[in-house]
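Only one structure is covered here, and it is reproduced in the block below.
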Amino acid sequence: MTGFMHEKEFSRKAFVKGGGALIVGMSILGGGLAGKAGAAGAVNAPNVSPDATAVDTWLAINADDSVSLFTPKMDVGQGTWTGFKQIVAEELDVAVSSISIPLWDTGSAHPFTNNPPSQTTGSNGTANGGPPLRQAAAQARQVLLGLASTQLGVPVASLSVSAGAVSGGGKTVTYGQLLGGKLFNAKIAGFNPDATTAANAVVAPLKSVSEYKVVGTRVPRFDIPDMVTGTTTYVQNVRLAGMLHGRPVRPMGQANLFATTPEGGPASATLLSVDESSIAHIAGAQVVRQGNFVGVVAPKEYDAIQAAAQLKVEWSNTDTLPGTGDQYNYIRSVPNRPAQILNYGNVDTAFGSAAKTLAATYEWPFQNHGPIGPCCAIADVRPDGATIFAPGQDGWASQLPVQAVTGLPLSSIRVVWYPGASTFNRSPNYPVMADAALMSQLVGKPVRVQWMRWDMHGWELYGPNYVADIRGALDTNGKILAYDFVSWLPPDARGVYPATNQTGTPVPPDATSGSSTRGAPSYNGATSNNAPSGGARFETFSTGDQYFPNLPNRRVTGNTVANIFYTCPLRCPDVIQPSWASESMIDELAHAANMDALAFRQAHCTHNGWRPVLDTAAKLANWQPRVSASQLSDERVVTGRGIAIAGENHAMSDIYSGVVAEVQVDRKTGKVTVTHLYGAMDSGFVVNPASIENQMAGMLTRGTSRTLLEELTFSKQRVTGLDWVTYPILRFKDHAAVTVQSIGHPDEVVSAALSPQTIAGPRYRGAGESLEAVVPPAIGNAVFDATGVRMRQAPLTPAKVREALKAGGRLYTA
Amino acid sequence: MASKLKIKVNGLVHSVSASLDTPLLYVLHNELHLHGPRFGCGLAQCGACSVLLDGKEIRSCVTPVAAVSGRAVTTLEGLPALYAQQRGTTAATPVLHPIQQAWIDVQVPHCGYCQNGMMIQAADLLSTTKNPTEDQIRTAMNGHLCRCGTYPRILSAIQQAASVIAKGGK
């Protein structure tokens with residue numbers, strides 16, 4: 001009964017919001033998923049990305065005059081879909097409220113496009129998804145105007161459109177009357193994402209920015225009312241008929257995934273014994289095993305939880321981790337592949353002739369994505385195909401973990417998306433999808449898996465740790481003469497999951513990275529031919545050529561090191577770490593030059609992306625120039641302010657951010673309290689300033705948590721930070737006041753297609769993560785200003801700050 | 001061993017079948033199909049599962065279902081009716097609780113997953129403390145965790161809701 005109720009709910013929701021596309025319960029890939037007569041939208045083969053150049057792939061006009069928007073990107077709380085509605089409403093001349101986004105389902109008669117890739121990462125949601133959607137809407141409007149001209153007998157030039165109704169010659173016809181439930185059957189002129197040369201075709205004209213009425217305004221997010229009334233269906237709420245609840249059973253905390261046992265298996269997951277009789281008293285509970293994978297399933301969720309907790313399992317234990325305290329020595333000692341990323345001028349000679357030189361080491365820990373709701377997926381794997389209900393930023397890429405464990409072809413794997421809790425990057429969801437798919441395949445029934453808190457903390461894909469040795473040289477004028485940056489960073493381990501590792505399943509190529517061996521055991525020899533995406537990011541984005549346009553001598557060396565844990569990008573991946581290091585070092589150089597921290601940066605930075613965020617953040621905070629730590633107080637609680645800037649570069653989205661932090665430091669306890677954060681972010685043409693400001697407030701708050709508190713702890717055997725007590729995050733009491741300013745560029749318009757991937761029109765650059773990367777150095781610099789003591793290892797916990805104060809002779813002892 | 005139980009949730013008495021030690025959360029979620037309270041940690045550390053028990057916030061993930069027998073459980077879905085009852089109104093379709101309306105007006109949520117507990121705790125606070133100071137709000141909310149960084153907006157929204165309630169609601 002329970003399952004049936006939710007089954008009905010799922011079907012109804014899909015039907016009502018699906019723009020007419022019909023989904024019949026859980027029938028997979030069968031006739032029930034084929035196009036339904038009269039349904040709006042394109043009819044496509046399920047689980048194959050439809051033709052991105054067709055208007056029907058993006059939009060449908062329904063008979064009731066509503067518009068279905070088939071989103072190219074996922075929205076996980078950023079407001080991206082509200083922005084997409086604004087973009088379409090603007091070009092199509094319809095009300096925002098008339099647009100709905102159908103259930104995202106690759107198996108429907110109208111699967112959503114994967115071109116551009118639906119995987120929404122690197123702040124690319126609006127940046128990459130907005131322009132083709134905008135052009136599709138402009139083309140759709142042209143088609144509709146043509147139809148109206150014929151029907152009304154009025155030339156297109158004499159027609160006007162308002163709220164989805166076309167008027168001319170004293171007559172009016174609505175979009176629904178013109179095309180409701182039918183296909184556009186039109187191509188988007190000039191849009192050819194697969195072309196190798198820039199398109200020159202005539203494109204449907206866009207509205208000029210000066211005519212905009214909807215884009216650029218503060219349209220409230222349409223998904224928030226459902227969230228506050230408890231009517232949002234998260235993936236955690238999805239129920240299928242006949243479904244079992246599953247839980248993986250693993251050691252409490254992952255061990256060194258990439259160390260191998262003498263037998264050649266992964267050290268963390270070598271199963272020694274399972275005593276199935278230990279859960280015999282739990283009715284309906286069943287053990288599911290393959291290789292080193294162990295899980296349990298049961299019809300009732302609490303029974304599955306109890307079974308997972310009580311099942312007696314023995315695992316091998318080996319001391320193959322360095323332990324939290326020795327992690328930074330370890331990262332320097334393991335096999336690595338060095339790469340010279342930049343080297344110009346003559347760094348060594350410059351250091352010999354410098355007026356002043358500094359050298360410092362900065363360290364950043366492994367951190368947790370830690371969604372408040374542990375990741376969840378429901379899988380129904382059958383011999384001829386699979387369906388996965390999954391949340392997250394991945395879209396089509398959610399097929400990959402299912403393919404990895406089931407071996408099914410991609411075209412037989414259906415993905416249905418529901419929202420989940422924020423993960424701030426892609427991969428923490430993958431392992432859960434793999435667990436659910438594996439267990440469903442083994443028991444032959446749909447299986448819902450929601451990880452327990454210790455599974456989530458202990459077995460997720462962490463943001464990697466990092467070490468940087470930086471040397472800086474100043475000339476006699478207080479300008480930077482030379483900058484020498486060496487860093488160590490593990491690569492992403494995407495493409496491998498606990499379930500694939502434990503079952504010994506070969507990992508298929510990760511379509512998103514073009515590789516199959518990221519962080520995999522073979523990588524430990526540092527002989528893999530797969531350069532990690534982080535390879536270019538060891539330093540250049542935090543103190544890039546843009547920031548330092550005239551730096552005469554510079555060298556950047558990045559060491560890609562062997563991994564010890566599953567890792568994947570975590571908000572501002574490979575930016576927050578070098579930002580912490582480099583913007584702290586810039587502050588040290590400013591102090592050495594006896595200059596104000598803002599003035600020192602201004603003296604070096606003229607770039608039109610970096611400079612405005614620097615100046616805006618300072619202005620927001622009413623920055624008063626002085627040399628940092630030049631007015632130290634002997635009080636127990638002291639105050640200070642710090643500034644920092646950072647940038648993020650992607651193919652389509654370069655984003656710049658600046659932060660000023662105001663802090664209090666208790667010199668007796670070592671506790672740092674961030675009292676106020678001022679953030680400025682430049683993300684190009686702004687679709688919805690309210691959405692961006694909300695993201696900015698979140699990034700400042702979250703950045704504070706990562707700076708002050710967050711560090712994954714582990715023993716020599718395994719991860720020990722398994723919940724919110726052993727891996728604390730920022731609490732309500734300790735959050736700072738925030739002041740934000742989004743720097744918009746209403747004139748930032750690409751006039752012509754510069755490449756096959758760019759589309760003429762406003763250039764949105766993204767806003768989902770950049771600001772977070774600036775918070776750590778801004779806080780560290782403020783602590784220095786307050787105390788005269790420089791923090792070089794994150795997080796800035798009371799114990800670490802106290803230790804640094806003591807070493808610097810600044811501990812309050814009265 | 002499953003037992004037959006009656007529990008009162010959002011003003012209605014439901015018959016459910018669950019072992020007595022089953023945490024209330026799983027009954028609300030899997031038997032009554034409520035979407036408000038949700039699993040976050042199972043350890044009473046984060047507050048995503050919070051509900052009101054006789055008007056006070058509790059963690060449904062660690063509260064055995066047997067413990068709520070004879071008492072009134074209110075979930076996020078029941079806040080409008082609870083507020084109507086508190087004001088003595090009998091409108092057929094209750095307006096949103098001022099907390100919920102403020103959450104919309106201030107545009108609080110990002111992913112929204114933790115906001116259930118935030119709103120439940122805030123409703124509890126405002127039922128006993130009409131005009132809370134910022135310190136009182138920070139203290140009352142300190143046991144609820146958010147990963148998206150919505151604390152500053154939650155603070156603003158609670159202040160707005162308190163002001164609405166002080167003016168007699170709407």
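Below is a table of values for the structure above.
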item: Distance between modelled label sites at residue A:97 and residue B:4, nm, 7 Å Cα→Cβ extension; result: 4.8
item: Distribution of pairwise C-alpha distances over the range A:617-688, 5 Å bins, in %; result: 3, 14, 19, 18, 16, 11, 8, 6, 4, 1
item: Label point distance in nm, residue A:211-residue A:624, each placed 7 Å from Cα along Cα→Cβ; result: 5.2
item: Proxy reagent accessibility, fewest Cβ within 10 Å first, across A:671, B:56; result: B:56, A:671
item: Cα pair distances in chain B, grouped into 10 Å bins until the bin that holds the longest one, percent each; result: 11, 40, 34, 14, 2, 0
item: Cα-based Rg and Dmax for the range B:1-94, where Dmax is the largest Cα-Cα distance (Å); result: 13.1, 42
item: Per-residue average of Cβ from other chains inside 10 Å of A:362-374; result: 3
item: Whole-Å semi-axes of the range A:674-737's equivalent ellipsoid (Cα gyration tensor); result: 31, 14, 9
item: Fraction of antiparallel bridges per DSSP, chain A only, in percent to nearest 5; result: 75
item: Principal axes of the range A:276-326: Cα extent on each, largest first, Å; result: 45, 22, 16
item: Cut-off 12 Å between beta-carbons: net charge of the residues surrounding residue A:417, Lys and Arg +1, Asp and Glu -1; result: -1
item: For the range B:82-100 versus the range A:147-190, the gap between their alpha-carbon centres in whole angstrom; result: 45
item: Kirkwood hydrodynamic radius of the range A:582-718, from inverse mean 1/r over distinct Cα pairs, in Å; result: 16.7
item: Residue B:14-residue A:747 pseudo-label distance in nm [points 7 Å out on the Cα-to-Cβ vector]; result: 5.9
item: Theoretical ellipticity at 222 nm over chain A - DSSP helices of four or more residues, -39500 (n - 2.57) apiece, nearest 500; result: -8000 deg cm²/dmol
item: Subset of A:671/B:130; A:85/A:187; A:73/A:733; A:733/B:8; A:668/A:716; A:171/A:207 violating a 29 Å alpha-carbon distance limit; result: A:671/B:130; A:73/A:733; A:733/B:8; A:668/A:716
item: Rg/Rg_globular for the range A:212-362, with Rg_globular taken as 2.2 N^0.38 Å and Rg from C-alpha atoms; result: 1.81
item: Average projection area in nm² (convex hull over Cα atoms of the range B:75-170, one quarter of hull surface); result: 5.7
item: For the range A:327-452, fraction of C-alpha pairs farther apart than 17 Å, in %; result: 67
item: Shape parameters for chain A, alpha-carbon atoms, Rg then Dmax in Å; result: 27.6, 90
item: Ranked by how many other beta carbons lie within 10 Å on average, peptides A:321-329, B:82-90, A:576-584, B:151-159 from highest; result: A:576-584, B:151-159, A:321-329, B:82-90
item: Kirkwood hydrodynamic radius of the range A:711-814, from inverse mean 1/r over distinct Cα pairs, in Å; result: 18.4
item: Averaged over A:614-627, number of beta-carbon atoms from partner chains that fall within 10 Å; result: 0
item: Shielding of A:447-453 by partner chains, average beta-carbon count, 10 Å; result: 2
item: Sequence-separation-based contact order of the range A:99-231, relative, with Cα cut under 8 Å and 6+ spacing, percent; result: 18
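Each value in this text was obtained by applying a stated rule to the coordinates, not by laboratory testing. Note that the coordinates shown come from a computational prediction; the quantities given were computed from them, not determined experimentally. Please note: Cβ atoms are built from the backbone with ideal geometry, for glycine as well, and neighbour counts cover all protein chains shown.
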